[in-house]
Structure formats: structure tokens, C-alpha cells
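Nothing in this text is a laboratory measurement; each read-out follows from the coordinates by a stated rule. Since we're looking at a predicted model, the values are computed, not measured. Heads up, the Cβs are rebuilt from the backbone with ideal geometry, glycines too, and the neighbour counts pull from every protein chain shown.
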């Protein structure tokens with residue numbers, strides 16, 4: 001099965017299924033002598049963990065990680081780093097009624113058409129639970145970026161449904177269950193998620209990510225542009241339906257005189273480009289936004305087909321997030337960190353030649 005690896009010099013390969021024995025990741029390219037413990041990784045996994053609030057799935061997993069290889073006496077050895085998390089609260093029987101049914105909004109149909117077999121227990125590899133492996137790898141990447149380059153990455157829920165805010169209070173993000181950066185709008189977002197959940201439905205939203213202190217010149221020309229690589233990373237996350245940098249889709253209504261970023265004393269005076277021009281970072285803050293679709297697993301009855309193309313009614317049971325945004329925020333940070341670190345290592349390799 002292709003598509004399980006991401007990156008070149010900092011390369012991750014994830015494994016495992018939603019209702020399998022375990023999930024995990026193998027990371028190549030971790031530099032030696034980096035102080036690393038399971039606690040460093042666990043902090044990020046806890047932010048993504050299910051069952052953490054009333055607006056997330058109530059599946060109870062502590063997502064305790066184990067480092068199987070790549071660390072010796074508290075420091076990375078330069079060899080492949082392997083991290084594993086064992087599943088504990090699978091309820092596979094919740095999916096027995098849909099084992100031959102394609103769930104609307106899910107990957108079931110395409111997966112079955114390609115392989116002729118699918119793991120119907122929560123979606124297998126197509127499940128959002130696969131992202132815990134990305135978050136584990138992202139924890140390592142974030143630590144390297146911070147300690148070696150003083151680069152930080154923060155994502156947050158910018159909007160839920162029609163509720164959106166431009167307010168950005170960073171310290172507030174981890175103080176509310178929707179991970180909003182707006183003290184004025186967080187409770188409104190929370191109430192909306194709870195309301196749709198009580199209706200047996202779900203709601204979409206908008207996530208913004210900011211990458212700070214990224215030096216100029218990171219990225220490549222033509223096909224491997226930094227924004228192109230970030231786009232691939234973000235669109236590989238289930239539920240992400242698009243991406244925009246800086247002024248994004250609003251550029252279609254702008255003049256060049258307003259969209260360009262003037263410079264003075266070697267610095268950008270504005271950041272309409274979102275920190276990337278010509279595929280390279282400009283030294284300004286990298287800013288991008290992601291529309292997140294409503295969770296497709298809802299308890300309402302829906303029309304669909306089974307594996308024999310018979311028309312049937314689907315009722316999805318089990319425990320699911322009524323809104324993906326609060327937990328996908330952590331995954332977005334992780335994939336951004338993995339992408340940026342991989343690009344920086346490539347830039348450094350050029351300088352060594």
C-alpha cells in the first residue's frame with residue numbers, strides 16, 4: 001500500500017489501524033544527541049487525545065506512547081526512531097451493522113474499489129485515528145525546530161460554522177475546549193458544536209496556522225515550493241478541503257498595488273503573501289488557513305449503497321467528534337513542523353556542499 005510515508009530528509013512512515021492492535025510511526029532523519037523522552041511526545045498526544053472534552057469523541061484512549069528504537073540513555077542515536085501507541089478502547093461491534101455498507105462522506109467506496117477489501121472497524125487506515133502517529137512525529141519535529149532554530153508553530157480554530165473571528169489571543173487557545181483564539185467567540189463556537197451534536201449532526205470550521213521565526217530562503221522552485229509542500233501535507237489530513245496562504249482567495253478581487261508586500265530595511269512592511277513568495281519563505285510569518293469539513297460520521301439516517309450496489313439506509317453508530325477543528329489543530333501543527341524541518345534540512349544540505 002503506497003502513501004504511508006512523507007518527507008525526504010526528515011521522513012515519517014506511519015502504521016496501524018483505528019481498531020487494530022496499535023498505531024505508530026518510524027522516523028528517519030532525526031539528528032543524534034537530541035534529548036528526547038516519551039514525555040516530550042506525550043504532551044502533544046494528550047492535546048490530540050479523544051475524550052478530552054464534551055465537543056470531542058468520547059472514545060477513551062490514554063494514547064500512552066512507547067519509544068521502541070532510536071533513543072539511548074535519553075538522547076537520540078541518529079538511527080530510525082520508532083514510536084508506538086497501543087489501542088485500548090476499541091468497540092468494533094459498533095461498526096458491525098455497516099460492514100457491507102459504504103458510509104456517506106467516508107473513504108469506504110474508494111478504498112473498497114481499489115483493494116477489494118476494507119477494514120470497516122472505524123475505517124482502518126482511513127480513520128482520523130491514524131493522525132496520532134503524525135502528532136508523535138510532529139512532537140519530535142517541533143522540538144528540533146524550537147531548540148535548533150527557535151521556530152515555533154501555532155494553530156487554532158478560527159471559525160466554526162458561520163461563527164468566525166479575527167481576534168488572536170494566543171494564550172487563550174489552550175484555555176478553551178474548541179481551541180479558539182477569541183475570548184469573545186469561543187463560547188459561541190462551543191455552543192454551536194453542542195447544538196449540532198444533540199441533533200445527531202456535525203459542523204465544519206476553519207483552522208489557521210502560523211509559523212514564526214522561519215528564516216528566508218526555505219523552500220524550492222518550480223514543483224517543490226514550500227507552499228506546495230505545505231499544501232500536500234495539509235491536504236493529506238482527513239477533513240481538510242483546501243488551503244489558502246496570506247490573503248488567499250481574496251486576491252481574486254485585489255490590485256497588485258494592494259497585494260504586493262513593500263520592503264524597507266530588509267523587512268516586509270506587510271504580509272499579504274503569507275510569508276512565502278516564489279516557493280521560498282520571505283522571513284515573515286507564514287500564515288495559512290484550512291477549511292475543515294463536517295465530520296462525516298453522524299447518527300442521522302442517510303441514503304447509501306452496499307457492496308452489491310443495493311440501495312440501503314445507513315445509520316452510523318459509535319463515538320465521533322461533532323466538529324473536527326479542536327483536535328485537527330494539533331495535527332496541523334504536527335504536519336507543518338514535519339514539512340518545515342524537512343525543507344530546512346534540505347537547505348542545510350545545500351550549504352554544506
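So the values come out like this:
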read-out: Rounded, prolate or oblate (a/c below 1.5 giving rounded, otherwise prolate when a/b exceeds b/c) for region 86-167 by Cα gyration tensor; value: prolate
read-out: Ranked packing of 195-205, 119-129, most packed first, by mean Cβ within 10 Å; value: 119-129, 195-205
read-out: Computed label-point distance, nm, for sites residue 88 and residue 175 using a 7 Å Cα→Cβ extension; value: 3.1
read-out: Between 0 and 90°, nearest 10: helix 325-352 axis offset from the chain longest Cα axis; value: 40
read-out: Computed over the chain: relative contact order in percent, which uses C-alpha pairs under 8 Å that are six or more apart; value: 22
read-out: Degrees separating the helix 186-198 axis from the principal Cα axis of the chain, which is the longest one; value: 20
read-out: Whether region 132-267 is rounded, prolate or oblate, judged on the alpha carbon gyration tensor where a/c under 1.5 counts as rounded; value: prolate
read-out: Packing-based ranking, highest mean first, of 36-49, 333-346, 239-252 given that Cβ atoms within 10 Å are counted; value: 333-346, 36-49, 239-252
read-out: Degrees, to the nearest 10: 226-235 long Cα axis against longest axis of the chain; value: 10
